[in-house]
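Here is the structure we will look at.
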Amino acid sequence: MKIFTTKKDLQQHLLQSGALNKTIGFVPTMGALHQGHLSLIELAQQYSDEIVCSIFVNPSQFNDPADLEKYPRTIAADINLLEQVNCDVLFNPPVSEIYDGNEHWHLNLGELENLLEGKFRPGHYQGVTQVVYKLFNIVKPDTAFFGQKDYQQFLVISKMVELLNMPVKLVMCPIKRDSDGLAMSSRNIHLTQTDRQHALVLSKTLNWVKDNFEKGNISRLKKEAELMISAEPDVELDYFEIANGDTLHPADDTSIKTVALVAAKVGATRLIDNVMLADGR
């Protein structure tokens, strides 16, 4: 695996790949890699000739400086994992390589920016689109791969690609779960053993909603789900929503694509998860 820390060196390498007519698959990450990330790379390998993974803890998407500070950074272990799955290229730039310190960014994402995650993390999606736009322009991938766990993020990046007419195809990859059902996340490292047991209420509730989902009972299911999660010790619910999968407005009987999304603080760690209830096919 080749490792680059500067845009110039990475782009020089990718120009050579372009000359060989290789298709580029891109997996942007913030590191602290786990099997969920590796599954994105393995899927990307089915679509692309050369895989680029980036590891960059993006400061502009954190509302809380303390959250940025404690975000896990495990670069040596990450490199080892990427080599195990035969990733071709790692781009691991310092902040100064991505931001010049005097930038303004605002993209009109519409109401999508202020719903659900956007409501609890104002400005978060401006930071996400800012860095993904930069990374797309540096890597110039044919296809980029994102996890379904960050469902709203995928919609936001899709909106950015549409607004800015960027020539990249986006692929949403299935959520990877541990054997107990917990969605894999870099933040899980912060969970105590007790926290982890309490956190299982999120996936259990999502699965219960999926098993009982019928369009006529959306309101009742949402209330039941909120009660189930709120009853779990040390779990503080931010939201549980059964939403239209395209707009994230509350779903109704006319919604073709429907997704259940949850965010909660478990102990000191905030987790998100979701499950598709109807995919519109």
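Some values worked out for this structure:
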quantity	calculated
The range 2-103: Cα Rg divided by the 2.2 N^0.38 Å rule of thumb	1.13
Least to most buried among Asp273, Asp9, Asp279, Asp195 (fewest other Cβ within 10 Å first)	Asp279, Asp9, Asp195, Asp273
GNM flexibility winner over the chain from Asn58, Asn102, Asn114 (Cα, springs under 10 Å)	Asn102
Low-density loop positions, GluC sites (Glu not before Pro), the range 197-250 - DSSP coil, at most 12 other Cβ in 10 Å	Glu214
The range 123-139 - phi-based ³J(HN,Hα) in whole Hz, Karplus 6.51/-1.76/1.60, Gly and Pro as x	x, 4, 6, 5, x, 5, 5, 4, 6, 5, 4, 4, 5, 4, 6, 6, 7
Cβ crowding within 10 Å averaged over residues, with 261-270, 33-42 ranked highest first	33-42, 261-270
HN-Hα J in Hz across the range 28-35 - Karplus 6.51, -1.76, 1.60, θ = phi - 60°, x for Gly and Pro	x, 9, 10, x, 6, 5, 9, 4
Other-chain or far-sequence residues with amide H under 5 Å of Leu277's (modelled H)	Thr258, Val259, Ala260
Given charges at beta-carbon only (K, R positive; D, E negative), |dipole| of the chain in Debye	260
222 nm mean residue ellipticity, helices alone, for the chain (DSSP H n ≥ 4; -39,500 (n - 2.57); rounded to 500)	-12000 deg cm²/dmol
Average silhouette area of the range 186-275, convex hull of alpha-carbon atoms, in square nanometres	5.6
Total lysine pairs whose alpha carbons fall under 15 Å of each other in the range 88-222 (8 or more apart, or interchain)	6
Degrees between helix 218-230 axis and first principal axis of the chain (Cα, 0 to 90, nearest 10)	80
In the range 131-231, the chymotrypsin sites (Phe, Trp or Tyr not before Pro) that fall in loop regions by DSSP, at most 13 other Cβ within 10 Å	none
³J(HN,Hα) computed for each position of the range 65-79 - Karplus, 6.51 cos²θ - 1.76 cosθ + 1.60, integer Hz, glycine/proline x	x, 5, 5, 4, 5, 8, 4, x, 10, 9, 4, 5, 5, 4, 4
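Each value in this text was obtained by applying a stated rule to the coordinates, not by laboratory testing. Remember, it's a predicted structure, so these values are computed and weren't measured experimentally. Please note: Cβ atoms are built from the backbone with ideal geometry, for glycine as well, and neighbour counts cover all protein chains shown.
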